[in-house]
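The values are calculated or read from the model by the stated rules, or taken from the named source; none is laboratory data. Note that the structure is a prediction, hence the values are computed from the model and not measured. All Cβ positions, glycine included, derive from the backbone under ideal geometry; neighbour counts span all protein chains shown. Keep in mind that these areas ignore ligands, DNA and RNA; they rest on the heavy atoms of the full protein, side chains included. Shrake-Rupley method; radii C 1.70, N 1.55, O 1.52, S 1.80 Å.
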Amino acid sequence: MENHLEVVKRIFPNLNEQEINECCRGLETLEDKQKACLELATKKAVNEISESPPSTEQPSSEELETIEQIIQQDLKQEAGSSYPESLETLKTLLGNLQKDPNEPKYKRIRASNPKFHRALGRFTSGLLLLEILGFYEESEDVNGNLEKVLYCQSVNSQTLQKALSLLPQNKPQSKESRSQMLARVTENRLRNPVTYPPPNNKPTLTNQLQEYRLQKKQVYQTKRPKFMTLADLDKAEAPQPSYHSPASQEIRNIAYRAFELSNNFRASQGLRPLVWNEGLSEIGIGHSRDMAEGKVPFGHEGFEKRFRSFPIRGCRGGAENVAMSSGLSDPSKVAVDGWIQSPGHRKNLVGNFVYMGIGVYRNSRGQWYFTQLFALA
């Protein structure tokens, strides 16, 4: 029992020794003890689940200045005649989030929505503004087709308030008549004739946007925690040489926490908890390390080979979730929250499986890679 006790204590750090002994009384095999302790740990953790309130952390002055520059200069220049519609769309999106930051429909935007695409989605500055405000891009399976969706994982009330304060509070004036519009356009053309192509000494809009992204985007990607998706990593640079730090036991604790949070979510859905499998965890560590070191792209490449190596006798099915995050105090929670919000990953979390193993690896840039494997025996 002593050897089993040490193993179970590492897997379930939220249980004390007395609880483990009472839970395992009369059980012989390690697997039976795991299952019994897992049920107790899940019940104990479910009682502690609570929804996090919107963040009230004060945004930095640089972040507020960039938000102001995007709204009042960059978006105005890029959107042109669509600028008023862009502001109204922003006011609607951010106003809904401020009114009810926990409402799922306000935290999800379909990139293909015609009104959104026309007002914001087709503008680089508009997408960057949403990114700064907490939205991230993810691919969602809709009737067998992948569709881009913007999710808002966390809401900072101070940043929202600042952005809303920069938007016009009055409704736009009524549309001018056709004759008034023609007269205004003709007068503007006579006063300000346009030369085509533009003079070489005047930067084009494309050049200005590229320079802006080089100067501004880097700052917020390093300072603001972000849950990364496949679409984000397609644009990322090749990772630098990696290292396995912090200490191995601390990394295993991060994997156990992601395992516990995953079972907490299953319990909230009325499903039985899954059993930790060390063999699946080792396979997951290998794939996480390969992604972190750039040996394979971020995703599920090679899953069929990993599935064939599952150490489960009579394995009848399997699934895999992957995640990457950086600059975070609780990477396990960010990874599991991201899986819950993604329909494809959520489907795996609530699947009819028996075993689960999670492999975690951290590279030299401080990026955490998670590989979560499921098996049905």
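Return the residues of segment 11-29 that are modelled with pLDDT under 80 and loosely packed, with under 13 Cβ neighbours inside 10 Å; say none if nothing qualifies.
The answer is 13, and nothing else.
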Count of segment 338-377 residues which are at positive phi and open to solvent by 30 Å² or more (accessible area, probe 1.4 Å): 0
Any hit, segment 132-153, residues being assigned to a helix (DSSP H, G or I) and at pLDDT 80 or above: yes
Segment 317-334, subset of a type in the set (Ser, Thr, Tyr) and in contact (Cβ under 8 Å) with a residue 12 or more places away in the chain, residue most open to solvent (accessible area, probe 1.4 Å): 326
Residue 312, sole failed condition from (1) in a loop (DSSP other than H, G, I, E, B); (2) farther than 22 Å from residue 11 by Cα: (2)
Per-region count, segment 93-113, residues part of a helix (DSSP H, G or I) and either surrounded by 15 or more Cβ atoms within 10 Å (Cβ to Cβ) or at pLDDT 90 or above (or both): 6
Selection count where residues are out of contact with any helix residue (DSSP H, G or I) (no Cβ under 8 Å at 6 or more places or on another chain) and either modelled with pLDDT of 95 or more or not basic (Lys, Arg) (or both), scope segment 348-377: 8
Any chance residue 19 is more than 35 Å from the chain's Cα centre (by Cα), outside any helix (DSSP H, G or I) and more than 23 Å from residue 269 (Cα to Cα): no
Pair list, Cβ < 8 Å and 6+ apart or interchain, from segment 284-312 residues that are crowded, with 17+ Cβ neighbours inside 10 Å and among the aromatic types (Phe, Trp, Tyr) to residues that are assigned to a helix (DSSP H, G or I) and at pLDDT 90 or above: 298/291; 310/279; 310/280; 310/283
Residues satisfying the stated conditions in segment 343-375, i.e. over 15 Å from residue 281 (Cα atoms) and either without any contact (Cβ under 8 Å) to a residue 40 or more places away in the chain or aliphatic (A, V, I, L, M) (or both): 345, 346, 347, 348, 349, 350, 351, 352
Residue list for segment 231-259, restricted to those being open to solvent by 40 Å² or more (accessible area, probe 1.4 Å) and modelled with pLDDT of 60 or more: 248, 249, 250, 252, 253, 257
Residue within segment 270-278 that is open to solvent by 10 Å² or more (accessible area, probe 1.4 Å), at positive phi, over 22 Å from the mean Cα position of the chain (by Cα) and at pLDDT below 95 present: yes
Scan of segment 242-278 for residues that are in a helix (DSSP H, G or I) and touching a Phe, Trp or Tyr at 6+ places or on another chain (Cβ under 7 Å), ordered by number: 258, 259
Number of positions in segment 352-374 that are closer than 20 Å to residue 337 by Cβ and among the hydroxyl-bearing types (Ser, Thr, Tyr): 3
Selection count where residues are over 18 Å from residue 277 (Cβ atoms), of a type in the set (D, E, K, R) and in contact with a His (Cβ under 8 Å, 6 or more places away or on another chain), scope segment 15-34: 0
